[in-house]
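My structure is below; once you've seen it, I'll send some questions.
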Amino acid sequence: MKRRITLCILFASIAAVPGKTEKYSGPRPAKADVPYLLHGDDLAETESAEAREETRKDDKVYTIQGANSPARTPLAGPIFILKTDKLDATRLELYRLESKNGRREVTVMRKKKNVARPLRLSVSRLEEGLYRIEVDQSLENGEYTLTPSESNQSFCFQVY
């Protein structure tokens, strides 16, 4: 009986010892600080743009030139791989954009009330300076942007 208990304790202690974590072996982004859409073993670069802030009466609107993003994904739950240099992956926010008059826009404030809320993201560190970003909900077809909070830098893509 003591021998069984000793063996059980031994196996439990071996299982509890942390082993080496597996190194990320998937595709790697070509550029730092640009999120890439993960499509199987391939990466597709998101469209980098600078959003312009406009004030219309009591509204605060951010606009991006062009009706549609050339970066496209068929996945309703896109996954991004991001190699960081200056960008903080944990400060990225995801917003849905509306296409109007040949450009994309999002209204963030209307009559001093916040109207656009960021969609939920999960960020996990794959290794030093490399992150996996997942959308926590299913996205409808349309235009979207990942943007660092407190910045007009935008990384646009389209779900089709």
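What is the helix-to-structure angle for 2-16, meaning the angle in degrees between its Cα long axis and the longest Cα principal axis of the chain, kept from 0 to 90 and rounded to the nearest 10?
With rounding to tens, the tilt is 30 degrees.
As a footprinting exposure proxy, order E50, E105 by other Cβ within 10 Å, with the fewest listed first.
Values: E50 11, E105 18.
Taking fewest neighbouring Cβ atoms as first place, the list is E50, E105.
Hey, what number do you get for the chain at 222 nm if only DSSP H runs of n ≥ 4 count, each worth -39500 (n - 2.57), divided across all residues, to the nearest 500?
Working: 1 runs with 15 residues, N = 160.
For the chain, the value works out to -3000 deg cm²/dmol.
Further question on the same structure: For mean projected area of the Cα convex hull in nm², several values are listed as (1) 11.3; (2) 13.3; (3) 9.2; flag the one computed from this structure.
Structure-derived value, by its label: (2).
Something else: Does the range 81-160 come out rounded, prolate or oblate by the C-alpha gyration tensor, with a ≥ b ≥ c the root eigenvalues, rounded set by a/c under 1.5 and, if not, prolate when a/b is larger than b/c and oblate if not?
prolate
Determine the relative contact order of the range 27-159: mean sequence separation of Cα pairs under 8 Å and six or more apart, normalised by residue count, in whole percent.
31 percent
Multiply the residue separation of K86 and L119 by 0.36 nm, subtract the distance between their alpha-carbon atoms, and state the gained length in nm to one decimal.
9.6 nm
Mind running the shape call on the range 64-119? Use the C-alpha gyration tensor, a ≥ b ≥ c as the square roots of the eigenvalues: rounded below 1.5 for a/c, prolate if a/b tops b/c, oblate otherwise.
Verdict is oblate for the range 64-119.
Could you give each residue of the range 118-126 its phi-based ³J(HN,Hα) in whole Hz, using Karplus coefficients 6.51, -1.76, 1.60 with θ = phi - 60°, and x for Gly or Pro?
Once θ is set to phi - 60°, the couplings for the range 118-126 become x, 7, 6, 10, 10, 10, 10, 7, 8 Hz.
Here is a follow-up. Given Cβ point charges of +1 (Lys, Arg) and -1 (Asp, Glu) and nothing else, what value in debye, to the nearest 20, does the dipole of the chain about its Cα centre take?
Working: 27 positive and 23 negative charges, 148 e Å.
For this selection, approximately 720 debye.
Ranked highest first by the average count of other Cβ atoms within 10 Å around their residues, in what order do 85-98, 125-138 fall?
Going by the mean number of other Cβ atoms within 10 Å, highest first, we get 85-98, 125-138.
FYI, it's all coordinate maths here, none of it is from the lab. All of these numbers come straight from a predicted model, not from anything done at the bench. Reconstructed Cβ throughout: ideal geometry from the backbone, glycine too, with neighbour counts over all protein chains shown.
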